[in-house]
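Working notes, beginning with the structure itself.
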Amino acid sequence: HTLSLLMIDIDYFKRINDGHGHDAGDRAIVAVAQVLRGVTRAMDTAARFGGEEFVLLMPETPLPVALEVAERLRMAAACLKVECDDGQLINLTISIGVTASAPRPAAPNKRDADSLTDLLIRADQALYRAKHAGRNRVEWS
């Protein structure tokens with residue numbers, strides 16, 4: 001079965017934490033988590049992966065559909081504003097790396113199939129490209 005994986009990172013998170021305080025950083029994480037909850041299906045699994053990163057597993061989802069979802073997530077996050085303790089509002093953006101496993105007919109050897117580690121590595125590489133291409137974008141691998 002096809003499984004798509006999205007790796008999502010809040011852009012300039014360190015700048016938010018350092019410049020506006022950890023409470024603002026926490027509010028940014030919560031806001032992105034709420035966007036994830038609003039865009040995902042019941043069968044999808046979203047989780048905080050560490051720091052300001054999230055992973056979204058989308059079973060039964062081919063890459064083109066996952067890319068559409070990633071773009072919806074990116075646009076929804078770009079509409080977010082996080083309030084700081086001083087009342088200032090900061091805009092958020094996210095970068096997303098997307099990959100998918102391809103179903104393989106009769107793979108007798110499990111090594112022939114993509115592992116979750118393989119998917120994480122490819123999604124992370126795509127996320128890295130998104131960050132280095134200017135952030136606030138979706139890349140795939």
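The values are calculated or read from the model by the stated rules, or taken from the named source; none is laboratory data. Note that the structure is a prediction, hence the values are computed from the model and not measured. Neighbour counts run over all protein chains shown; Cβ positions are idealised from the backbone, glycine included. Note: areas computed on protein heavy atoms with side chains; ligands, DNA, RNA excluded. Shrake-Rupley method; radii C 1.70, N 1.55, O 1.52, S 1.80 Å.
On C-alpha positions alone, give me the angle between the axis of helix 22-39 and the longest principal axis of the chain, in degrees, nearest 10.
40 degrees
What number comes out for accessible area per residue over the stretch 1-104 if the probe is 1.4 Å? Units Å², please. Provide the component values of the computation, followed by the final result.
Details: 5180 Å² over 104 residues.
With the other protein chains kept in place, the stretch 1-104 gives 50 Å² per residue.
Please list, ordered by chain and number, the residues whose modelled amide H lies under 5 Å from the amide H of N136; skip anything fewer than 5 residues away on the same chain.
Answer set, sorted by chain and number: I94, S95.
Going by accessible area, probe 1.4 Å, with all protein chains left in place, what is the ranking of T61, T45, largest first?
Details: T61 0, T45 75 Å².
The ordering from most to least exposed comes out as T45, T61.
Sum up the charges of everything whose Cβ sits under 15 Å from the Cβ of V39, counting Lys and Arg as +1 and Asp and Glu as -1, but leave V39 out. Each step should come with its number before you reach the end.
On the way: positive: R37, R41, R72, R74; negative: D44, E68, E71.
Charge balance near V39 sits at +1.
What is the ratio of the Cα radius of gyration of the chain to 2.2 N^0.38 Å, where N is its residue count, to two decimals? Can you show the working numbers first?
Working: Rg = 15.9 Å, N = 141, 2.2 N^0.38 = 14.4 Å.
Relative to the 2.2 N^0.38 Å estimate, the chain comes out at 1.10.
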